[in-house]
Amino acid sequence: MPNLAGKVALVTGGSRGIGAGIARRLATDGADVAVTYVHNSGLAQTVVKDIETLARRGKAIRADAADATAVTAAVEATVEAFGRIDILINNAGFMEVQPGPFEDQSLELIDRTMEVNIRAAILAARAAVRHMAPGSRIINIGSCLAERVPGPGITLYAMSKAALVGFTKGLARDLGPRGVTVNQINPGPIDTDMNPADGPGSEFQTALTAVGHYGSPMDIAAMASFLAGDDAGFITGATMSVDGGTNI
Ligand code: NDP
């Protein structure tokens with residue numbers, strides 16, 4: 001189990017699902033953890049309480065990933081509260097399937113996909129790097145759909161997660177000399193509000209896995225914790241599939 005004692009982490013979109021799982025796991029491994037949310041203040045506070053029950057410090061910050069100022073402010077609020085930032089998990093994201101032909105995709109959805117799924121990760125990293133010491137970590141949450149797309153209607157989402165791969169690889173080169181690693185986790189189907197294991201399309205997604213079932217947020221959290229720890233210091237610019245062998 002990685003020892004993250006003395007480290008400070010910020011997990012974007014940490015009120016529910018994968019982000020909440022990562023926040024709890026990082027705290028279990030010893031880190032103080034701030035989480036952002038956009039709607040669910042109560043759930044974010046529950047995650048903070050869980051972190052505090054583990055005798056770590058926690059903080060919930062309302063920051064819509066679509067709001068550039070709020071994203072940067074969330075990083076600064078983390079540093080102000082805890083004095084440093086060592087681990088940034090860019091997890092906040094959304095997927096909206098727009099029915100109908102591609103030419104009917106709305107400009108609003110195109111812009112929001114760019115802002116929330118891509119730009120926010122860039123802005124958070126830009127703000128965090130200013131405070132990061134050697135040994136720090138940036139971990140982007142992508143998707144197996146960054147590499148393989150099993151059907152129509154998810155073009156924008158797949159594009160956004162593929163863009164994060166390029167961002168991860170480039171930033172790893174920029175920050176390698178400074179001792180900061182940058183990696184991406186590409187989850188397969190994970191049982192969350194976004195993609196419930198009993199939701200529409202779940203049978204199809206389950207059939208694409210080798211293991212025959214959905215993963216849980218803790219499966220992604222385990223990889224995030226490993227990448228955040230000292231043992232992962234020689235891993236950077238990498239894309240780690242945690243997808244139950246999803247084969248599209
Ligand atoms: P959920 O929808 O279950 O949770 C989303 C989390 O992100 C919530 O904490 C939510 O906050 C927050 N969030 C959503 N939009 C914004 C925003 N605009 N600004 C700030 N926070 C926001 O999603 P998952 O946990 O399933 O997904 C997390 C990440 O994992 C996403 O990037 C997703 O693309 C990726 N992923 C998920 C997979 C899956 O099968 N579940 C598979 C592959 C990748 P609030 O509670 O306030 O709404």
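Return the residues of region 213-235 that are in contact (Cβ under 8 Å) with a residue 12 or more places away in the chain and surrounded by fewer than 14 Cβ atoms within 10 Å (Cβ to Cβ); say none if nothing qualifies.
Within region 213-235, His213, Asp230, Asp231, Gly233 meet the criteria.
All but one of (1) at pLDDT below 95; (2) within 13 Å of the ligand (Cβ to nearest atom) hold for Ala70, so report the exception by its number.
Every condition holds for Ala70 apart from (1).
Somewhere in region 83-95, is a residue over 16 Å from the mean Cα position of the chain (by Cα), farther than 22 Å from Gly142 by Cα and either within 16 Å of the ligand (Cβ to nearest atom) or without any contact (Cβ under 8 Å) to a residue 12 or more places away in the chain (or both)?
no
Quick one: count up the residues across region 79-115 that are in a helix (DSSP H, G or I), touching a helix residue (DSSP H, G or I) at 6+ places or on another chain (Cβ under 7 Å), more than 27 Å from Met223 (Cβ to Cβ) and not aromatic (Phe, Trp, Tyr).
The number of residues fulfilling the criteria is 2.
Conditions tested, residue by residue: (1) farther than 21 Å from Leu4 by Cβ; (2) free of Cβ contacts under 8 Å to residues at least 12 places away in the same chain.
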position: Val97; (1), (2): yes, no
position: Ser106; (1), (2): yes, yes
position: Ile118; (1), (2): yes, no
position: Ile122; (1), (2): yes, no
position: Asn140; (1), (2): no, no
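Could you look through region 12-29, keep only residues that are closer than 19 Å to Glu80 by Cβ and within 9 Å of the ligand (Cβ to nearest atom), and pick out the one that is surrounded by the most Cβ atoms within 10 Å (Cβ to Cβ)?
Among those that are closer than 19 Å to Glu80 by Cβ and within 9 Å of the ligand (Cβ to nearest atom), it is Gly14.
Output the number of residues of region 36-53 satisfying the condition of being crowded, with 16+ Cβ neighbours inside 10 Å and either within 11 Å of the ligand (Cβ to nearest atom) or β-branched (Val, Ile, Thr) (or both).
9
Which ones in region 167-196 are more than 9 Å from the ligand (Cβ to nearest atom) and assigned to a loop (DSSP other than H, G, I, E, B)? If you could, list the steps in order and put the result at the bottom.
Start the filter on region 167-196 by keeping residues that are more than 9 Å from the ligand (Cβ to nearest atom), which leaves 167-184.
If the condition is that a residue be more than 9 Å from the ligand (Cβ to nearest atom) and assigned to a loop (DSSP other than H, G, I, E, B), then Gly179, Val180 are the ones that fit.
Considering only residues that are more than 11 Å from the ligand (Cβ to nearest atom) and part of a loop (DSSP other than H, G, I, E, B), look in region 210-226 and name the one that is nearest to the chain's Cα centre (by Cα).
The extreme case among them is His213.
Residue under question is Val165, and the condition is that it be in contact (Cβ under 8 Å) with a residue 24 or more places away in the chain and more than 14 Å from Thr246 (Cα to Cα); does it hold?
Considered against the rule, which asks whether it is in contact (Cβ under 8 Å) with a residue 24 or more places away in the chain and more than 14 Å from Thr246 (Cα to Cα), Val165 comes out as yes.
With the checklist (1) of a type in the set (A, V, I, L, M); (2) at pLDDT 95 or above; (3) out of contact with any Gly (no Cβ under 8 Å at 6 or more places or on another chain) in hand, flag the one item Met1 doesn't pass.
Against the list (1) of a type in the set (A, V, I, L, M); (2) at pLDDT 95 or above; (3) out of contact with any Gly (no Cβ under 8 Å at 6 or more places or on another chain), Met1 comes up short only on (2).
Can you report the number of residues in region 124-164 which are within 13 Å of the ligand (Cβ to nearest atom) and either not polar (S, T, N, Q) or not in a helix (DSSP H, G or I) (or both)? Quick ask: steps written out before the conclusion?
Narrowing region 124-164 to residues within 13 Å of the ligand (Cβ to nearest atom): 124, 139-150, 154, 156-164.
Right, trim to either not polar (S, T, N, Q) or not in a helix (DSSP H, G or I) (or both) and you get 124, 139-150, 154, 156-159, 161-164.
Within region 124-164, residues that are within 13 Å of the ligand (Cβ to nearest atom) and either not polar (S, T, N, Q) or not in a helix (DSSP H, G or I) (or both) number 22.
For the structure I just gave you, tell me whether Val75 is in contact with a strand residue (DSSP E or B) (Cβ under 8 Å, 6 or more places away or on another chain) and of a type outside the set (Ser, Thr, Tyr). Steps first, answer last, please.
Numbers: in contact with a strand residue (DSSP E or B) (Cβ under 8 Å, 6 or more places away or on another chain): yes; of a type outside the set (Ser, Thr, Tyr): yes.
When the stated conditions are applied, Val75 passes them.
Determine whether region 4-16 contains at least one residue that is over 15 Å from the mean Cα position of the chain (by Cα), among the hydroxyl-bearing types (Ser, Thr, Tyr) and either within 27 Å of Pro189 (Cα to Cα) or modelled with pLDDT of 95 or more (or both).
no
Scan region 181-223 for residues that are polar (S, T, N, Q) and under 21 Å from Gly151 (Cα atoms) and jot them down.
Across region 181-223, the qualifying residues are Asn186, Thr192, Asn195, Ser202, Gln205, Thr206, Thr209.
The values are calculated or read from the model by the stated rules, or taken from the named source; none is laboratory data. Since this is a predicted model, take the numbers as computed values, not measurements. Here the Cβ is made from the backbone with ideal geometry for all residues, glycine too, and neighbour counts use every protein chain on show.
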